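Taking it in order: structure first as structure tokens, then the write-up.
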Amino acid sequence: VRALPQRNEYIFTLMGEESPSVLVGLRYAPEKLHFLFWSQERTGGWQTRVTFHNVSLSNNQWHTLVLAVSGQSFSLTVDCSIPKDMVVETPFPASLSVKRASFYLGNRRRRKGVFTGLLRQLVLLPGADATPRICTAMNLKEATLSVPTVLQDVPMKPASNEVLKYPYETDTKVTLGSRPSCTKQEKAQFWFDASQRGLYLCNGSAWISMLEGKQRLDYVEEYQNLVTNSETMGVEVFTIPQVGLFAATANRYTPPGSAIYKWTEGNFVPYQNIPTYQAQSWKYFTIGKKIFLAVANFEQNDRGQEFSVIYKWSRRKEKFIPYQRISTHSARDWEAFVIEGEAFLAVVNHREGNNHNIDSVIYRWNPRTGLFETNQTIPTSGAYDWEFFTIGPYSFLAVANTFNGTSTKIYSHIYIWLSGSFQLFQSILTFGAADWEVFHIGDRVFLAVANSHSYDSGMPAPSNFYAINSSIYELNITAQMFVKFQDLLTYSALDWEFFSVGDDSFLVVANSFDGFTFSVNSIIYRWQGYEGFVAAHHLPTVGCRDWEAFHTTEGSYLLYSSAKEPLSKVLKLKTT
């Protein structure tokens with residue numbers, strides 16, 4: 001095309017025999033190019049105009065135009081430069097009757113609008129965007145003044161009424177670089193973020209992730225010092241839908257009791273204080289639309305009563321209020337779970353007086369009374385933790401037994417739910433077990449135990465009670481039991497927390513005491529396949545008691561509680 005227009009001029013039109021309307025046409029005006037087509041979507045038909053702005057052809061030079069059309073997508077490439085893309089509401093018709101219609105080159109069947117420039121070639125190709133095949137020559141002038149190979153090989157007319165098959169690349173446009181705008185005009189277009197290796201689709205208002213780049217953990221930085229009411233024995237992070245993210249700390253002293261913090265503008269801020277009695281842990285759970293938070297109290301209240309409390313979220317007050325008190329004995333932990341549609345709550349009773357060999361209790365929710373009622377008791381020895389998990393159709397409950405009155409070298413047990421109750425499945429020798437953590441990597445199932453110390457009144461004292469292996473077990477399907485996978489040296493380990501970053505899996509251990517000081521590094525281990533878990537990051541902690549991993553829109557974090565100072569820390573995971 002070599003154009004010198006001063007007004008609207010037609011490069012080509014397709015017109016019916018007795019109709020003044022343009023079925024398909026291309027019209028050029030100063031700095032604009034209009035593509036016209038007739039749509040039968042409305043009664044009587046309607047002409048749609050797609051306008052490409054800032055198209056300059058009036059410079060006494062030859063120009064190559066490639067117009068690609070598919071559905072609602074229209075693309076114009078001028079002189080093999082960056083395409084101008086348009087998405088309009090009215091799609092190009094899937095079928096258009098051209099019976100008794102005629103093509104007109106350089107006009108629209110009358111003298112008005114006659115093209116005054118020079119037109120060298122006009123080729124119509126079915127379907128695909130021909131731009132990649134036209135714009136192949138290094139010298140654009142050679143490309144424009146020669147007949148491209150693709151135009152010499154126009155598809156032959158099919159022998160029958162079969163439809164020619166062509167790819168419709170004009171539907172898919174990918175933008176590179178920094179985040180572009182996403183409006184109705186960019187709807188159905190893609191943006192590839194090369195720096196983060198992410199692919200996004202515009203839905204007309206926002207970019208939706210289609211293939212998000214996988215993050216990798218680079219390092220950990222201190223993010224927030226969380227001043228607590230007193231030393232913190234445990235922490236629970238949870239989200240209340242439509243309300244926000246919270247953290248509940250189980251604090252040692254009363255007053256002032258324990259606290260709930262809400263994530264506000266990127267930090268945890270005090271939200272609610274709750275009276276507790278040497279609280280050990282919190283457990284958040286839901287039953288239907290009801291939201292609960294249970295605290296494990298270790299000591300008696302000021303009236304000499306010993307019980308733990310279940311709190312219920314009040315949507316009207318936006319606070320947790322007491323719901324049910326349950327008699328417990330130096331409670332360490334709550335675990336909530338659902339089996340066959342029924343809700344359960346299990347408490348770990350640590351000791352009664354000086355007797356560590358007592359029953360821990362599993363409660364079942366009674367929907368008629370709206371209360372938890374005793375369902376089953378299980379003998380435990382100075383127990384610290386329950387861990388519930390499922391494998392296929394089977395439900396399991398593991399208890400961490402810590403001390404039987406004379407030794408920490410005792411068996412912890414895994415129970416399986418059969419015929420309406422938990423029955424012994426497997427026993428594993430542990431050393432002051434304080435925590436079980438179950439996790440999955442691919443199809444593999446692991447169970448990690450945190451061993452806190454080695455003590456036996458009938459045996460010579462070891463050189464260090466607290467430097468002791470904690471172990472990771474893996475489920476062996478053939479043997480139908482957990483077998484030891486790996487030992488890791490820990491220092492009075494009290495908790496494991498599993499988390500993932502991108503495709504990578506991690507375990508962080510709460511090392512609390514090395515026999516000399518409570519200032520001990522807790523360690524993040526990275527899963528490295530055949531090597532197992534390998535130490536990756538050493539985190540300075542003081543009397544570390546519990547870890548919680550959580551995520552917000554701002555990133556991923558770890559929160560650790562200290563049992564030796566009224567200060568917990570939020571750490572941010574920095575990724576690449």
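The values are calculated or read from the model by the stated rules, or taken from the named source; none is laboratory data. Keep in mind the model is a prediction, meaning the values are calculated, not measured. Every residue, glycine as well, gets a Cβ built from its backbone with ideal geometry; the counts of neighbours run over all protein chains shown. All accessible areas refer to the heavy atoms of the entire protein, side chains included, with ligands and DNA or RNA removed. Shrake-Rupley method; radii C 1.70, N 1.55, O 1.52, S 1.80 Å.
Given the condition assigned to a strand (DSSP E or B), at pLDDT 80 or above, over 28 Å from Glu17 (Cβ atoms) and open to solvent by less than 50 Å² (accessible area, probe 1.4 Å), answer yes or no: does some residue in the stretch 99-117 qualify? Write out each step before concluding.
We begin by selecting, within the stretch 99-117, every residue assigned to a strand (DSSP E or B); these are 101-105.
Adding the requirement that they be at pLDDT 80 or above leaves 101-105.
Within this subset, residues satisfying the condition of being over 28 Å from Glu17 (Cβ atoms) are none.
No, the conditions are met nowhere in the stretch 99-117.
When the stretch 194-209 is examined, which residues are found to be part of a strand (DSSP E or B) and either modelled with pLDDT of 85 or more or over 15 Å from Cys182 (Cα atoms) (or both)? Steps first, please.
Taking the stretch 194-209 first, the residues part of a strand (DSSP E or B) are 198-202, 207-209.
Hits for the stretch 194-209 are Gly198, Leu199, Tyr200, Leu201, Cys202, Trp207, Ile208.
Any idea which of Asp495, Asp487 is assigned to a strand (DSSP E or B), closer than 29 Å to Ile414 by Cβ and open to solvent by 60 Å² or more (accessible area, probe 1.4 Å)? Please lay out each step first, then the result.
Numbers: Asp495 fails: open to solvent by 60 Å² or more (accessible area, probe 1.4 Å).
Asp487 is the lone residue from the list that is assigned to a strand (DSSP E or B), closer than 29 Å to Ile414 by Cβ and open to solvent by 60 Å² or more (accessible area, probe 1.4 Å).
Count, please, the residues in the stretch 210-244 that happen to be of a type in the set (Asp, Glu), open to solvent by 60 Å² or more (accessible area, probe 1.4 Å) and at pLDDT 85 or above. Break it down stepwise before answering.
Taking the stretch 210-244 first, the residues of a type in the set (Asp, Glu) are 212, 218, 221-222, 231, 236.
Remaining after also requiring open to solvent by 60 Å² or more (accessible area, probe 1.4 Å): 212, 218, 221-222.
Narrowing the set further to residues that are at pLDDT 85 or above leaves 218, 221-222.
Number of matching residues: 3.
Pick from His350, His356: which is open to solvent by 20 Å² or more (accessible area, probe 1.4 Å) and over 32 Å from the mean Cα position of the chain (by Cα)? Talk me through it step by step, then tell me what you get.
On the way: His350 fails: open to solvent by 20 Å² or more (accessible area, probe 1.4 Å).
Among His350, His356, only His356 is open to solvent by 20 Å² or more (accessible area, probe 1.4 Å) and over 32 Å from the mean Cα position of the chain (by Cα).
I'm told Thr328 meets every condition in (1) buried (at least 22 other Cβ atoms within 10 Å of the Cβ); (2) among the polar types (S, T, N, Q); (3) within 29 Å of Ile472 (Cα to Cα) except one. Can you identify the failing condition by its number?
(3)
Looking only at residues in the stretch 39-72 that are modelled with pLDDT under 85 and crowded, with 19+ Cβ neighbours inside 10 Å, which one is nearest to Ser181 (Cα to Cα)?
Once the filter is applied, the top-ranked residue is Ser70.
Rundown of residues vs (1) outside the structural domain of Thr249 (by the TED database); (2) under 26 Å from Tyr560 (Cα atoms); (3) modelled with pLDDT of 95 or more, yes/no style:
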residue: Tyr261; (1), (2), (3): no, yes, yes
residue: Ser281; (1), (2), (3): no, yes, yes
residue: Lys289; (1), (2), (3): no, no, yes
residue: Leu293; (1), (2), (3): no, yes, yes
residue: Asn301; (1), (2), (3): no, no, no
residue: Ser308; (1), (2), (3): no, yes, yes
residue: Leu345; (1), (2), (3): no, yes, yes
residue: His356; (1), (2), (3): no, no, yes
residue: Asp359; (1), (2), (3): no, no, yes
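Do the conditions hold for Arg49, that is, is it free of Cβ contacts under 8 Å to residues at least 24 places away in the same chain, within 19 Å of Gly25 (Cβ to Cβ) and not assigned by the TED database to the domain that holds Leu201?
On the way: free of Cβ contacts under 8 Å to residues at least 24 places away in the same chain: yes; within 19 Å of Gly25 (Cβ to Cβ): yes; not assigned by the TED database to the domain that holds Leu201: yes.
Criteria met by Arg49.
Restricting to the stretch 292-324, count the residues that are basic (Lys, Arg), more than 16 Å from Ser258 (Cβ to Cβ) and either touching a strand residue (DSSP E or B) at 6+ places or on another chain (Cβ under 6 Å) or in a strand (DSSP E or B) (or both).
Step one: of the stretch 292-324, the residues basic (Lys, Arg) are 303, 312, 315-317, 319.
Within this subset, residues satisfying the condition of being more than 16 Å from Ser258 (Cβ to Cβ) are 303, 312, 315-317.
Now drop any that are not either touching a strand residue (DSSP E or B) at 6+ places or on another chain (Cβ under 6 Å) or in a strand (DSSP E or B) (or both), which leaves 312.
Matching residues across the stretch 292-324 total 1.
Could you give me the residue pairs with C-beta distances under 7 Å whose first residue belongs to the stretch 391-413 and is assigned to a strand (DSSP E or B), whose second residue is among the charged types (D, E, K, R) wherever it lies, and which are 6+ apart or on separate chains?
Partner pairs satisfying both residue conditions: Ala398/Glu387; Ala400/Asp385; Ala400/Asp435; Ser407/Asp456; Lys409/Asp456.
For (1) of a type in the set (Ser, Thr, Tyr); (2) more than 14 Å from Trp386 (Cβ to Cβ), each residue gets a yes or a no:
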residue	(1), (2)
Tyr323	yes, yes
Ile326	no, yes
Ser330	yes, yes
Ala346	no, no
His350	no, no
His356	no, yes
Ile362	no, no
Pro367	no, yes
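Being in contact with a Ser or Thr (Cβ under 8 Å, 6 or more places away or on another chain), among the small types (Gly, Ala, Ser) and in a strand (DSSP E or B) is the filter here, so list the residues in the stretch 514-550 that pass it.
Listed by number, the residues that qualify are Ser519, Ser522, Ala549.
Is it the case that the stretch 538-560 has a residue that's under 26 Å from Lys484 (Cα atoms) and among the β-branched types (Val, Ile, Thr)?
No, there is no match, as no residue in the stretch 538-560 is under 26 Å from Lys484 (Cα atoms) and among the β-branched types (Val, Ile, Thr).
Report whether or not Lys572 is open to solvent by 30 Å² or more (accessible area, probe 1.4 Å) and within 20 Å of the chain's Cα centre (by Cα). Don't jump to the end; show me each part of the working.
Numbers: open to solvent by 30 Å² or more (accessible area, probe 1.4 Å): yes; within 20 Å of the chain's Cα centre (by Cα): yes.
Answer is yes for this residue.
May I ask you to verify whether Pro270 is open to solvent by 10 Å² or more (accessible area, probe 1.4 Å) and modelled with pLDDT of 95 or more? Give the derivation first.
Details: open to solvent by 10 Å² or more (accessible area, probe 1.4 Å): yes; modelled with pLDDT of 95 or more: yes.
So Pro270 fits the description; yes.
Looking at the stretch 463-484 only, could you name the residues that are outside any loop (DSSP other than H, G, I, E, B) and not aliphatic (A, V, I, L, M)?
As a first pass, look at the stretch 463-484 and keep what is outside any loop (DSSP other than H, G, I, E, B): 467-476, 481-484.
Within the stretch 463-484, Asn469, Ser470, Ser471, Tyr473, Glu474, Asn476, Phe482, Lys484 meet the criteria.
What residue, among those in the stretch 275-291 that are over 24 Å from Thr552 (Cβ atoms) and assigned to a strand (DSSP E or B), is most open to solvent (accessible area, probe 1.4 Å)?
Out of the qualifying residues, it is Lys290.
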